[in-house]
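The values are calculated or read from the model by the stated rules, or taken from the named source; none is laboratory data. Not measured: the values here are computed from a predicted model. Don't worry about glycine lacking a Cβ; one is built from the backbone with ideal geometry, like all the others, and counts go over all protein chains shown. For accessibility, only protein heavy atoms count, side chains too; no ligands or nucleic acids. Shrake-Rupley method; radii C 1.70, N 1.55, O 1.52, S 1.80 Å.
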Amino acid sequence: MPLFIFIIFVVHITSVNAKPLNTMQIIGSHNSYKKTLNVGVKHKLNDLNPKLMANIDYGHSPIIKQLNSGVRHLEIDVLKDPSGDLYIKPWANSFATPPLFNELEKKQLATPGFKVMHIPDIDVQSHCVLLSGCLNTLKTWSEANPQHFPIVVMLNVKETRSDLVLGNNPLKFTSKDYYLLDEVIRKSLPSSLFTPDNLRKIPLSLNQTVVKFGWPSTRALAGKFIFLFDGNTQQSALYKQNRPSLKGASMFANYDESEPEAAFMVVNNPTRNFYKIQQLVLKGYMVRTRADATLSATNSQRTIQFNAAKSSGAQVISTDFIPGSPQQARFNYVVQFDEGHLVRTNPFINNQL
């Protein structure tokens, strides 16, 4: 998944406490906005490329339903569409049964702004078509649950497409676009955003602040959203342009620990990078990793990766198999902590204290 920039039952551990955020672990959904594949599109893809079809044949419940179930980590994919209409007539339209978009979604796709979808032309159905719509959903839910456990939202920017079909090429983001993206986030969540500026202690860099002082408690972060930008090297360089230590930024972003902007990392393979994650966590950084990465894996393989993710100490773990997801029933597999929790104290780091 390119740029960008998300607990089963709501029990005692989902509420706020005095523990630093980095001493907790949370499980959330991968590509949280994504609907399951349209039946007609699924059949056509199975004829053209069954491997691709199998890899993207998953989805999630609406975001509010996920939040109500206890999910405290979400992921959103964003595409640039400054004039509108760029994604209103995807290739998949020709094969969709039932239709891909309702009338409201068509109007939203025609509107200028950042769009949310998985793969342009192919896998395009989302629970919120506009980024602003996703953010308004978060705001509405947060206002109804004002002391909720802090929610980590990872954002990815999409700039590429599949070469399987013809269609519009996604537009590249410029440094100006990243400022606009930050502005949309900031305006949508004006009083509930925890940013690098809120964490950094002058005159220290963001990196120095995290290593020396750590993260606030979940009590101090109650009702807050923390955005994490997961960009490639070029995207991350553009995101911090003219913003040393992410001054003024709405999101934390994935940078190497040698960089002053480093505070929250993305390390996707906890089996291969197990000790790297542990070292980063012990230094005070937040780390996001994945409990599973492909639908072609066996449940035994998924279990091995999830166990590695938990034991690595990574604080944020994303999965396609949150409780209640369509995949849980289909594969007879679920990712959760003991007793169905999606938030817990972090055994690895708390054992070091």
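Just a few scattered comments:
- Overall, the ratio between the Cα radius of gyration of the chain and 2.2 N^0.38 Å, rounded to two decimals, is 0.94.
- Inter-label distance, nm, simple model (7 Å from Cα along the C-beta direction), LEU295/ALA110: 3.2
- Segment ASN136-GLN352, extension gain: residue separation times 0.36 nm, minus the distance between their alpha carbons: 73.8 nm
- For trypsin sites (Lys or Arg not before Pro), no site in region 97-162 is both called loop by DSSP and has at most 14 other Cβ atoms within 10 Å.
- Hydrodynamic radius by Kirkwood, which averages 1/r over all alpha carbon pairs of region 149-192, in angstrom: 13.1
- Viscosity 1.567 mPa s, 4 °C: Kirkwood-radius Stokes-Einstein D of region 146-237 over Cα pairs, µm²/s: 83
- Charge tally in the Cβ shell below 14 Å around VAL78, where Lys, Arg are +1 and Asp, Glu are -1, VAL78 excluded: -3
- Computed Rg/Rh of region 199-281, alpha carbon atoms with Kirkwood Rh: 0.96
- Of the beta bridges in the chain, as assigned by DSSP with both residues counted there, near 25 percent are antiparallel.
- Taking the Cα centre of the chain as origin and assigning +1 to Lys and Arg Cβ atoms and -1 to Asp and Glu Cβ atoms, the resulting dipole is close to 520 debye.
- For TYR58, the residues whose modelled amide H falls within less than 5 Å of its own, excluding neighbours fewer than 5 places apart on the same chain, are LEU37.
- Its DSSP H runs of at least 4 residues, each contributing -39,500 (n - 2.57), put the calculated 222 nm mean residue ellipticity of the chain at -8500 deg cm²/dmol, to the nearest 500.
- Length available on full extension from ALA237 to GLU143: 0.36 nm per residue minus the Cα-Cα distance, which gives 30.4 nm.
- Environment charge at HIS30 (Cβ cut-off 11 Å; Lys +1, Arg +1, Asp -1, Glu -1): -1
- The residues of the chain have, on average, 41 Å² of accessible surface per residue, using a 1.4 Å probe with all protein chains present.
- Cα-only Debye scattering, region 189-231: base-10 log of I(q)/I(0) at q = 0.13, 0.15, 0.22, 0.32 Å⁻¹: -0.31, -0.41, -0.83, -1.15
- Charge tally in the Cβ shell below 14 Å around GLY223, where Lys, Arg are +1 and Asp, Glu are -1, GLY223 excluded: +3
- Kirkwood-based shape ratio for region 234-340, expressed as Rg/Rh from alpha carbons: 1.05
- Contact order for region 108-249, expressed relative to its length and based on alpha carbon pairs under 8 Å spaced 6+ residues apart, stands at 31 percent.
- Projecting the Cα positions of GLN327, VAL116, GLN66 onto the charge dipole of the chain (unit charges on Cβ atoms of Lys, Arg, Asp and Glu, taken about the Cα centre) puts GLN66 furthest along the positive direction.
- Residue order for GLU75, GLU259 - accessible surface, 1.4 angstrom probe, largest first: GLU259, GLU75
- For region 12-83, fraction of C-alpha pairs farther apart than 15 Å, in %: 67
- Carbon and sulfur %, accessible surface of the chain computed with the full protein complex present, 1.4 Å: 53
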